[in-house]
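The values are calculated or read from the model by the stated rules, or taken from the named source; none is laboratory data. In this text the structure is predicted, and so the values were computed from the model without any measurement. Cβ placement follows ideal geometry from the backbone for every residue including glycine, while neighbour counts extend to all protein chains displayed. Note: accessible area is taken over every heavy atom of the protein model, side chains too, but ligands, DNA and RNA are not part of it. Shrake-Rupley method; radii C 1.70, N 1.55, O 1.52, S 1.80 Å.
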Amino acid sequence: MTLFHDYLEGTFDNRLQALKHPTRYARIIIKHEWIGGDWFEGSQAYYHSQDRPYRQFRMRVFPDGEKFRIKNYDLSGQQYKEGCDTIFEYDEKHGKFFGHNTDCNCWVVWQGIKTYLTNDIVLGYNTYNVMDSGIDPETGQKVWGSNWGHLEFIRHFSSAG
């Protein structure tokens, strides 16, 4: 498995951020599980309802020169989400991967408004910071997403036992 796979796989929790700013951030658990080959299965759930994720997906990781490209799929792995690829590049100085989507063609309908997704991701071995935003293509204004910066997740290590 590559360094990128090692960083990506795991369970991440924004507990500290949610406790520090409960009116700004819900507590969320993100899981990325390697399921073989280039494939990962993922889920996102609120802490209080981890058994009912609000988002489930599959990702396929491809080397792209010196970078890594994640292609996003529905949970079955059959429905490719065209325009929703994310490119990650390793920054040796910081020991982290920096990622962003490749273009403005990843469409998300939010409260009846068609928006395109922009994302900014910083993936460290123990950290996963994500800021997703939905932009109105007609006005260029942000319609949804954090107004307070990245969601700051920390890798969750389960105790053996």
Problem set entry | Residue check for I87: over 26 Å from K20 (Cβ atoms) and either surrounded by 14 or more Cβ atoms within 10 Å (Cβ to Cβ) or among the hydrophobic types (A, V, I, L, M, F, W, C) (or both) | yes
Exercise. For R58, are the conditions met, namely being of a type outside the set (S, T, Y), open to solvent by 50 Å² or more (accessible area, probe 1.4 Å) and outside any strand (DSSP E or B)?
Worked result: no
For this session: Give the number of residues within the range 61-78 that are open to solvent by 70 Å² or more (accessible area, probe 1.4 Å) and at pLDDT below 95.
Result: 4
Problem set entry | Set G36, G65, G95: member being touching a residue at least 12 places away in the same chain (Cβ under 8 Å) and at positive phi | G95
Exercise. Among the numbered criteria (1) open to solvent by less than 30 Å² (accessible area, probe 1.4 Å); (2) in a strand (DSSP E or B); (3) closer than 17 Å to L16 by Cα, which single criterion is violated by F97?
Worked result: (3)
For this session: Select from the range 74-88 the residues that are part of a loop (DSSP other than H, G, I, E, B) and hydrophobic (A, V, I, L, M, F, W, C) and write down the one among them that is nearest to the chain's Cα centre (by Cα).
Result: C84
Exercise. Are any of the residues in the range 16-28 more than 21 Å from S146 (Cα to Cα) and without any contact (Cβ under 8 Å) to a residue 60 or more places away in the chain?
Worked result: no
Exercise. Among the residues of the range 105-161, which ones are part of a loop (DSSP other than H, G, I, E, B), among the acidic types (D, E) and surrounded by 12 or more Cβ atoms within 10 Å (Cβ to Cβ)?
Worked result: D136
